[in-house]
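Asks: Structure below; questions to follow.
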Amino acid sequence: MPPSQENSRSEPVKPIRLRNEYSLLTDYAIKVARDNSLNSISLAQEQARMLEKAMQDFEKRISGTSCSPTREWLDLQIQTMEEELDRCLSIEAAHKTMVITMEALMEK
């Protein structure tokens, strides 16, 4: 049988079935992205808690330190931790926005 006749006898692809398959794949990709963002939020929150605790510990050390070089070093450590804390909070905020977006996409 010539190839042109074989193609004419084959069943046409059903658009609804294809859309459902693509939709399932898209839904899965959205769910994975959402779950990854939720994990990133948890990690950023944990990092922020650890940094806040470390900063409190360092501040206690500073209050009992009269040695200028040690005090300067501790101040620098706190400053660095504050910058990292800001980064963690930014990561958390960005991923919260992504979760909201992913959840909105999942509702479509």
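None of the figures in this text is laboratory data; all of them are computed from the coordinates on show. Small disclaimer: the values here were computed from a predicted structure and weren't measured. Using ideal geometry, Cβ is built from the backbone for each residue, glycine included, and neighbour counts are taken over all protein chains shown.
Asks: Using a 7 Å offset from the Cα along the Cα-to-Cβ direction at both Thr101 and Arg17, what is the distance between the two label points in nm, to one decimal?
Replies: 3.5
Asks: For Glu59 and Lys31, compute 0.36 nm times the residue count separating them, minus their Cα-Cα distance, and round to one decimal in nm. Can you show the working numbers first?
Replies: Values: separation 28, 0.36 × 28 = 10.08 nm, distance 4.18 nm.
Roughly 5.9 nm would be gained on extension.
Asks: At 0.36 nm per residue, minus the direct Cα-Cα distance, what do Glu46 and Asp75 gain on full extension? Give it in nm, one decimal, please.
Replies: Values: separation 29, 0.36 × 29 = 10.44 nm, distance 2.26 nm.
Value of the extension gain: 8.2 nm.
Asks: In whole Hz, what ³J(HN,Hα) sequence does the stretch 93-98 give by Karplus (6.51, -1.76, 1.60; θ = phi - 60°), x for Gly and Pro?
Replies: 5, 5, 6, 4, 4, 5
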